[in-house]
Amino acid sequence: MELQKNETKSLSKQALISDSSVFYRESSIENLQNDKSNVVIGDNTHIRGGLLIFKYGGKIVIGNHCYVGEGARLWSGESLTIGNNVLISHNVSIVDTDSHEINYLERAVRYKEMLSTGHWETKGSIKTNPIIIKDYAWINFGASILKGVTVGKGAIIGAGSVVTKDVPDWTIVAGNPAQIIRTISESER
């Protein structure tokens, strides 16, 4: 069931959303920067998952005619750019940040900060790197895409895969870590 108009208006305070796009009851936007230009949703895109922009940075841009499945989590501390006609299945995680520091003492201090404020106030030494998902890609259910990855045009990510490296255009990858299975032939495209 999609959101009612008054519920959609509250989301539009957190993001720039095309009038033709649809958010469903299970969807959410948490824009900790309170700058709606950091979450941009194109035309005829349907969102069932959750979008999160960290307080210390981040931007999510989703193109036209995309789908984000239920339970999917798109978290940004740097930049997530999703092209047009991209299918993101249920329970997918796309995260352009480590979300926590490697140094245990810094991580402990930040955790205490998070308990008192509800989120990380500053970036500290957290590592971030943009993610780009090009047009016509399909991210199958339960997959994870980690920071710094570009998923090529028309690429398919197998169910449950963990993507840590770039995926070429028109390629199928699967596994943990994801490996190239094969190229998608011209006749299959």
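Just so it is clear, none of the values below were taken in a lab; they were calculated from the coordinates. Everything quoted here is computed from the prediction, not taken from an experiment. Cβ: placed from backbone, ideal geometry, glycine included. Neighbour counts: every protein chain shown.
Roughly how big is the chain's charge dipole about its Cα centre, with Cβ charges of +1 (Lys, Arg) and -1 (Asp, Glu), in debye to the nearest 20?
Computed about the Cα centre, the dipole is about 240 debye.
Normalising the Debye intensity of the range 60-168 to I(0), with uniform scatterers on Cα atoms only, and taking log10 at q = 0.12, 0.19 Å⁻¹ returns -0.43, -0.90.
Among the DSSP beta bridges whose two residues both lie in the chain, what percent are antiparallel, rounded to the nearest 5?
Approximately 15 percent, going by the DSSP bridge assignments.
Pick from S18, S93, S79: which is most flexible by mean-square fluctuation in a GNM of the chain where alpha carbon atoms under 10 Å apart are linked? Sorting by GNM fluctuation, first place goes to S18.
Shown in residue order for the range 92-104 are the 3J(HN,Hα) couplings computed by the Karplus curve 6.51 cos²θ - 1.76 cosθ + 1.60 at θ = phi - 60°: 8, 10, 10, 9, 8, 9, 6, 6, 9, 7, 6, 5, 5 Hz (x for Gly and Pro).
Between the listed residues A72, I41, G124, the Cα displaced farthest toward the positive end of the dipole of the range 15-184, a dipole computed from Cβ unit charges relative to the Cα centre, is found at G124. Exceedance of the 21 Å cut-off in Cα-Cα distance is limited, within the set K134/K165; K36/K59; K13/K134; K112/K147; K59/K123; K59/K127, to K13/K134; K112/K147.
Under the rule a/c < 1.5 gives rounded, and otherwise a/b versus b/c splits prolate from oblate, where does the range 65-104 land using the Cα gyration tensor?
Working: a/c = 4.74, a/b = 1.98, b/c = 2.40.
In terms of gyration-tensor shape, oblate.
Neighbours of G71 by Cβ distance under 12 Å: Lys/Arg scored +1, Asp/Glu scored -1, total 0.
Positive end of the dipole of the range 15-184 (Cβ unit charges, origin at the Cα centre): among I53, G63, L146, the Cα lying farthest that way belongs to L146. The distance from the alpha carbon centre of the range 69-101 to that of the range 124-189 is 12 Å, rounded to a whole number. Specify the residue with the greatest mean-square fluctuation among S144, S89, S99, computed from a Gaussian network of the chain linking alpha-carbon atoms under 10 Å apart. Greatest mean-square fluctuation among the candidates belongs to S99. Here the peptides 101-107, 183-189, 22-28 are ranked by packing, the mean other Cβ count within 10 Å, and the order with the highest first is 22-28, 101-107, 183-189.
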